Amino acid sequence: MNNYHKSVLLQEAIDALNIEKGKKYIDATLGGAGHSLAIIDQGGIVLGIDQDEEAVEFANKNHESRIMNHELVLARGNFCKHRQDCERKRIWKSRRNIF
Ligand SMILES: C[S@@+](CC[C@H](N)C(=O)[O-])C[C@H]1O[C@@H](n2cnc3c(N)ncnc32)[C@H](O)[C@@H]1O
């Protein structure tokens, strides 16, 4: 069962991101991955970050095919640290981020 609530402002967020196919994005508050999946459906590649282990495990279990297709990469931890690491180490050059 998906215990996560419905993604808020989903269409507004997707419109604002103006997603480009094949480009990378960060979803800094992965939760139930609703925003992440919507970005992927538009052709984006997502690094989904959540500090909550359950959220990361949920996405890992339920979106395995996206992970296998390299459309979704998961990271557990505080988004401030992960984002800084991504920028400093140039691990994930994201076009736009959603918080
Ligand atoms: C409202 S939910 C996100 C919903 C999600 N965008 C969706 O579409 O379902 C918020 C999530 O952000 C995570 N979160 C809050 N602050 C965070 C932080 N500083 N770093 C990483 N994750 C954080 C929480 O653990 C929670 O899972």
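Derivation of every value follows stated rules applied to the coordinates shown; laboratory data play no part. A quick note: this is a predicted structure, and the numbers were derived from the prediction, not measured. Here the Cβ positions follow ideal geometry from the backbone for every residue, glycine too, while neighbour counts run over all protein chains shown.
For the reader, a short list of remarks on this structure follows.
- Amide H partners (placed H, <5 Å) of G44, local residues excluded: G22
- Extension gain for C80 to K23 (0.36 nm times residue separation, less C-alpha to C-alpha distance): 18.4 nm.
- Over the stretch 20-94: Rg over Rh, Cα atoms, Kirkwood Rh: 0.94
- Distance from the alpha carbon centroid of the stretch 66-99 to that of the stretch 1-30 works out to 14 angstrom.
- The chain - percent relative contact order, Cα under 8 Å, separation 6 or more: 31 percent
- Per residue of the chain, the DSSP helices (runs of n ≥ 4 H) give a summed -39500 (n - 2.57) that works out to -11500 deg cm²/dmol at 222 nm.
- Per-residue packing, averaged as other Cβ atoms within 10 Å, sorts the ranges 25-32, 76-83 into the order 25-32, 76-83, beginning with the highest.
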